[in-house]
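Chemist: Shown below is the structure under consideration.
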Amino acid sequence: MSAEAPAFYFCLKHHTVEGEDGCKASDRLGPYPTQAAAEHALETVQERNESWDNDPDWNDDAPRP
C-alpha cells in the first residue's frame with residue numbers, strides 16, 4: 001500500500017494553510033508540496049504575475065515591429 005504525500009492549500013477566504021479537507025477549491029490556491037510553500041502562496045502568485053506581465057512573448061500591449 002503506497003501513501004501519497006500530503007498536499008497543502010492556501011485558503012483565500014481565511015488566509016490560512018489547510019489540508020485536503022479545507023474550504024472549497026474556488027476559495028484556495030494549490031496544491032503545494034509543503035506547508036511552507038503554501039504559506040508563501042500569495043508571494044508566489046505576485047512573482048509569477050510580474051514575470052508574465054514582463055514576458056515579451058506574452059505582452060500584447062507592446063508595439064509590434
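Chemist: Local charge sum around F10 (other residues, Cβ-Cβ under 12 Å, Lys/Arg +1, Asp/Glu -1)?
Modeler: Around F10, the surrounding residues sum to -2.
Chemist: Ignoring ligands, DNA and RNA, what percent of the accessible area of segment 8-54 is carbon or sulfur (1.4 Å)?
Modeler: Heavy-atom surface of segment 8-54 belonging to carbon and sulfur, 1.4 Å probe: 49 percent.
Chemist: Under 14 Å from the Cβ of A37, count the other residues' Cβ atoms, weight Lys and Arg +1, Asp and Glu -1, and hand me the total.
Modeler: Overall, the nearby charge balance is -2.
The values are calculated or read from the model by the stated rules, or taken from the named source; none is laboratory data. Values in this document were obtained by computation on a predicted structure and should not be read as measured data. Glycine also receives a Cβ, built like all others from the backbone with ideal geometry; neighbour counts cover every protein chain displayed. Ligands, DNA and RNA are excluded from the accessible area calculation, which covers all protein heavy atoms including side chains. Shrake-Rupley method; radii C 1.70, N 1.55, O 1.52, S 1.80 Å.
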